[in-house]
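S.K.: Take this structure first; my questions come after.
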Amino acid sequence: MPTITITKLYDLVSLKLGKETAENLTTFIEEKIKGEVDTKTSILATKEDLARERADMIKWMFIFWAGQMLASISIIVLFLKK
């Protein structure tokens, strides 16, 4: 599918519908595309976001495994006391 620029679209539409309609249509399309791009970029994760999430996950993994080790050692100590 060949790409078409806004200028080329304006030229094609202005021949059929008139300059004012072509200008309104191309302005609408540009604003719609700009809005979509802004929406997509606002939800993108940056490298800093990913690094922060990774560090947070490592921290919680350490806390989980430390708790598991403590529980295991406690159970072993209870069995050895009996």
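S.K.: Could you give the angle, 0 to 90 degrees to the nearest 10, between helix 47-81's Cα long axis and the longest principal axis of the Cα atoms of the chain?
M.R.: 20
S.K.: So what are the three principal axis dimensions of the chain from its Cα atoms, in whole Å, longest to shortest?
M.R.: The Cα atoms of the chain stretch 95, 23, 16 Å along the principal axes, largest first.
S.K.: Taking 0.36 nm per residue of sequence separation and subtracting the Cα-Cα distance, how much length would be gained by fully extending the chain between Arg54 and Ile76, in nm to one decimal?
M.R.: The span from Arg54 to Ile76 would gain 4.6 nm if fully extended.
S.K.: Between Ile29 and Lys16, 0.36 nm times their residue separation minus their Cα-Cα distance comes to what?
M.R.: 2.9 nm
S.K.: Between Lys40 and Ile6, what length in nm is gained on full extension when 0.36 nm per residue of separation is reduced by their alpha carbon distance?
M.R.: Values: separation 34, 0.36 × 34 = 12.24 nm, distance 2.09 nm.
Here the segment from Lys40 to Ile6 would lengthen by 10.1 nm.
S.K.: Considering the chain as a Gaussian network with a 10 Å cut-off on Cα pairs, which listed residue, Ser42, Ser14, Ser72, attains the greatest mean-square fluctuation?
M.R.: Among Ser42, Ser14, Ser72, the largest GNM mean-square fluctuation belongs to Ser72.
S.K.: In degrees from 0 to 90, rounded to the nearest 10, what is the angle of the helix 6-17 Cα long axis to the longest principal axis of the chain?
M.R.: Long axis of 6-17 versus the principal axis of the chain: about 40 degrees.
Every number in this text was worked out from the coordinates using simple rules, so none of it is lab data. Treat the numbers as computed from the prediction; the structure is a model and nothing was measured.
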